[in-house]
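The values are calculated or read from the model by the stated rules, or taken from the named source; none is laboratory data. The structure displayed is predicted, hence computed values, not measured ones. No Cβ is skipped: glycine too gets one built from the backbone with ideal geometry, and neighbour counts run over all protein chains shown.
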């Protein structure tokens with residue numbers, strides 16, 4: 001007969017595993033950055049050392065925070081996020097070098113390196129992750145702020161439309177410029193609305209599940225139950241039309257439909273959502289040239305001289321082949337926006353199918369850990385929130401990678417953790433923080449169980465709350 | 001709730017599988033069809049970013065790749081410059097390659113089969129493949145002499161080693177600077193290229209290989225060869241040499257460039273006729289030999305086919321169906337006879353080599369990046385143009401052209417030189433082309449040369465001697481010194 005495992009030891013083991021995986025990512029960073037430097041400029045650059053140090057700092061912050069505030073959380077989630085971040089950083093560093101070399105050749109001013117900036121944002125993002133884990137000790141507290149969070153999310157989403165604040169870059173109005181800094185509030189809105197949708201549907205999902213009206217003998221929801229779906233649909237259309245941001249629009253509506261389905265268990269909502277999505281897409285395609293352009297490029301990327309954005313990205317991906325050109329040995333600078341929207345193309349070029357599938361697997365694993373957490377949690381809100389967070393990552397990955405690889409029309413979205421962009425990176429680390437908080441809650445041994453393994457005497461008569469406090473882990477002795 | 005989450009999970013799996021399947025298609029199955037599209041610059045850039053091999057002349061690289069810090073990694077530099085442009089050609093990121101750069105591209109780029117071993121070694125060492133070097137047959141002194149001689153003129157020079165077919169000099173004038181087509185500045189390259197293409201002097205035309213001219217009196221050697229081969233004449237036989245010749249079947253009369261009789265009498269020896277380049281004698285001889293025999297003889301010297309040196313030369317032509325008048329005119333290198341400088345150099349070389357036409361070639365050997373010899377070119381016989389006796393007879397007559405005929409300017413002190421001048425009439429109103437072809441020394445010839453100066457000047461036969469012969473002399477002296 002197996003002895004019951006001491007949960008303290010279990011938590012420690014998970015953190016040890018996590019620390020090991022985080023260190024493995026740090027080692028990968030050293031190897032990757034060195035490979036880039038040696039195959040291009042043939043000496044280790046100072047920026048590489050700064051980037052490497054930043055990632056090491058990130059790993060340390062994560063490891064410490066986890067031991068302090070989420071010691072039972074899944075040990076794979078944070079290393080996967082850090083690894084994706086690292087792959088992105090290596091590639092951004094590689095692109096920096098390519099652009100600098102090109103600038104020197106053509107006697108243009110040498111652009112500043114983006115990798116150290118992104119690395120700084122990574123530290124900020126990880127600090128944000130730590131802050132969320134510190135501040136949100138219990139995920140159910142977020143539920144009390146349903147309306148505040150939802151409204152804040154919608155406000156953030158529409159913020160770029162405020163005159164004087166919004167900035168239009170490449171035709172899409174999704175940046176807000178504050179004191180010289182450009183941020184993408186849609187990324188923050190993503191986090192807020194994910195919480196908002198989950199909280200809202202935790203409360204009203206049951207009601208929406210009841211089909212009380214009948215049309216032609218088929219049970220359908222009451223007309224008033226359509227209001228939220230209609231509202232989100234209109235907001236999504238608004239984002240599409242006013243901000244010309246297809247990706248964000250697609251992401252939010254898709255997320256809402258998935259959460260709606262999960263909370264009600266009614267396939268009807270999913271079908272309705274899909275129908276409204278298709279209707280919205282048709283409206284967008286019929287009425288707006290920017291949508292038509294994207295669809296045309298999807299259908300005929302090689303039209304003309306074959307140098308459309310999509311085509312240039314596809315050349316890079318195809319050129320990568322099975323194993324890629326090797327870090328620093330491809331021509332990723334030939335791809336437009338190679339450090340942001342098209343970073344997946346430049347990774348595919350230099351690391352080949354092996355590298356691109358590895359990235360996909362990392363995302364898939366991250367999503368799987370999220371969905372697993374969702375299934376482990378016993379409270380509806382936690383469960384829905386974990387699933388929503390996993391869905392957001394999966395949908396965003398699918399929309400952007402699918403766009404770059406021409407599976408679906410290209411829409412502008414950042415590739416989670418890989419793309420250059422501070423607000424996106426910080427928001428994604430907050431998503432990870434919430435997942436870790438939920439995972440900790442799901443895997444933390446129940447107070448009774450702790451009791452059994454820690455006390456030999458009769459069960460104490462204190463309330464469960466006091467018990468929890470009594471056994472809140474103190475700082476790790478190691 | 002878990003049932004719904006499971007279903008959501010299934011749809012996520014489907015999404016990721018779709019992405020993975022699509023990536024597998026893009027990167028493996030359909031990769032080639034995408035990368036081969038014109039919009040993809042990678043294959044080109046990869047080739048340009050390799051360390052391209054040297055083009056070597058007499059142990060000196062006239063084209064070399066120098067490492068740079070930019071995306072293209074290597075800059076092609078031509079120390080040979082415009083002087084060697086007709087040989088090296090250029091290797092441009094925008095306009096592709098010409099000359100040896102193009103003809104020997106697989107070796108220079110390192111993709112040649114003979115460099116497979118080196119590629120594998122480089123791959124194992126984690127380095128990019130390098131190109132092999134190409135060593136040329138060019139004699140730098142002869143090349144310099146030809147370049148100096150053509151300075152300020154429009155024309156071409158080809159020098160050959162008669163016994164092997166090695167090309168000792170290949171110059172086109174005016175020329176261009178290939179360095180300006182390889183700089184890593186697309187705008188500058190485009191501007192230079194367009195300027196060269198607009199230039200009416202056509203500096204980018206490879207004259208010695210691809211420009212055809214009427215060969216004028218130099219073609220009289222072919223006519224003489226045909227007549228000698230047919231046994232119609234001997235060098236000492238008397239041939240007609242009237243002041244004018246009524247072209248058969250035509251109202252036109254052919255005159256001599258001397259504006260009268262070629263010599264004092266109405267008949268002169270064949271050797272004398274060649275020495276003074278008597279038009280009427282050779283027109284009459286051509287009529288006697290006939291178009292078919294002339295064409296056969298021309299073809300035996302390489303007309304109506306081309307040479308691969310390895311660049312492919314333009315085909316020199318003998319007219320297909322000339323009437324008798326046209327045949328007579330063709331016999332003196334007029335009417336529709338067209339020849340490149342290379343072709344006329346081959347004629348001179350064949351006579352020098354006892355009647356044997358050797359395939360002219362530029363690449364002496366191919367070296368691996370570690371400088372071991374991968375291929376050494378062995379001279380190859382193309383065909384026999386004339387019998388040894390005919391060649392000897394022609395040589396004797398050509399020697400007289402230089403020693404006491406129209407080609408006096410080709411004389412070299414202490415060395416017997418054989419040659420033939422030519423002045424080819426072109427379109428009405430434009431000046432004739434001046435020719436000289438010849439070889440030296442007469443015994444055991446080391447160099448055969450053809451010089452052509454476009455629209456060179458005076459209509460008299462002397463212009464071949466005045467303009468072309470001195471250049472030929474300097475080239476031959478450079479080889480023989």
Neighbours by Cβ (under 8 Å, 6+ apart or cross-chain): first from the range B:8-34, more than 7 Å from chain A (Cβ to nearest Cβ); second at pLDDT 95 or above:
B:13/A:364
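A quick yes/no check of all residues on (1) surrounded by fewer than 24 Cβ atoms within 10 Å (Cβ to Cβ); (2) in contact with a helix residue (DSSP H, G or I) (Cβ under 7 Å, 6 or more places away or on another chain); (3) within 17 Å of residue B:21 (Cα to Cα); (4) facing chain B (nearest Cβ under 8 Å):
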| site | (1), (2), (3), (4) |
| --- | --- |
| A:299 | yes, no, no, no |
| A:304 | yes, no, no, no |
| A:311 | yes, no, no, yes |
| A:315 | no, yes, no, yes |
| A:327 | no, yes, no, no |
| A:333 | yes, yes, no, yes |
| A:344 | no, yes, yes, no |
Say we look at the range B:65-82 and pick out the residues that are part of a loop (DSSP other than H, G, I, E, B) and more than 28 Å from the chain's Cα centre (by Cα); which of these is nearest to residue A:405 (Cα to Cα)?
B:71
Within the range B:79-98, how many residues turn out to be under 14 Å from residue B:53 (Cβ atoms) and touching a residue at least 12 places away in the same chain (Cβ under 8 Å)?
2
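Could you please give the count of residues in the range A:397-434 that are assigned to a helix (DSSP H, G or I), within 14 Å of chain B (Cβ to nearest Cβ) and under 30 Å from residue A:63 (Cβ atoms)?
3
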Would you call residue B:346 in contact (Cβ under 8 Å) with a residue 12 or more places away in the chain and in a strand (DSSP E or B)?
no
Looking at (1) surrounded by fewer than 24 Cβ atoms within 10 Å (Cβ to Cβ); (2) within 8 Å of another protein chain (Cβ to nearest Cβ), which is the one condition that is false for residue A:376?
(2)
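Out of B:322, B:310, I need the residue that is in contact with a helix residue (DSSP H, G or I) (Cβ under 7 Å, 6 or more places away or on another chain), in a loop (DSSP other than H, G, I, E, B), modelled with pLDDT under 90 and surrounded by fewer than 24 Cβ atoms within 10 Å (Cβ to Cβ). Which one?
Every option except B:322 fails the conditions.
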Residue A:366 being surrounded by fewer than 24 Cβ atoms within 10 Å (Cβ to Cβ) and more than 9 Å from chain B (Cβ to nearest Cβ):
no
Quick one: is residue A:394 under 16 Å from the mean Cα position of the chain (by Cα) and at the interface with another protein chain (Cβ under 8 Å from one of its Cβ atoms)?
yes
For the range A:313-338, which positions are under 16 Å from residue B:27 (Cβ atoms) and assigned to a helix (DSSP H, G or I)?
A:313, A:314, A:315, A:316, A:317, A:318, A:319, A:320, A:332
Test result for residue A:383, within 30 Å of residue A:144 (Cα to Cα), within 11 Å of chain B (Cβ to nearest Cβ) and free of Cβ contacts under 8 Å to residues at least 60 places away in the same chain:
yes
Filter the range B:36-64 for residues that are at pLDDT 85 or above and not in a loop (DSSP other than H, G, I, E, B); which is nearest to the other protein chains (Cβ to nearest Cβ)?
B:64
Does residue B:55 satisfy being free of Cβ contacts under 8 Å to residues at least 12 places away in the same chain and surrounded by 19 or more Cβ atoms within 10 Å (Cβ to Cβ)?
no
Output the residue which, of all residues in the range B:163-188 that are assigned to a strand (DSSP E or B) and in contact with a helix residue (DSSP H, G or I) (Cβ under 9 Å, 6 or more places away or on another chain), is farthest from residue B:362 (Cα to Cα).
B:173
I'm trying to understand the selection: among the residues of the range A:93-137, which are crowded, with 20+ Cβ neighbours inside 10 Å, within 23 Å of residue A:46 (Cβ to Cβ) and under 18 Å from the mean Cα position of the chain (by Cα)?
A:118, A:119, A:121, A:122, A:125, A:126
Single condition residue A:276 does not satisfy, out of (1) more than 30 Å from residue A:193 (Cβ to Cβ); (2) more than 10 Å from every other protein chain (Cβ to nearest Cβ); (3) in contact (Cβ under 8 Å) with a residue 40 or more places away in the chain:
(1)
Among strands (runs of 3 or more DSSP E) entirely inside the range B:370-481, those with 2 or more residues being closer than 15 Å to residue B:215 by Cβ are B:418-424, B:433-440, B:447-453
Can residue B:18 be described as modelled with pLDDT of 85 or more and either touching a strand residue (DSSP E or B) at 6+ places or on another chain (Cβ under 8 Å) or surrounded by fewer than 22 Cβ atoms within 10 Å (Cβ to Cβ) (or both)?
yes
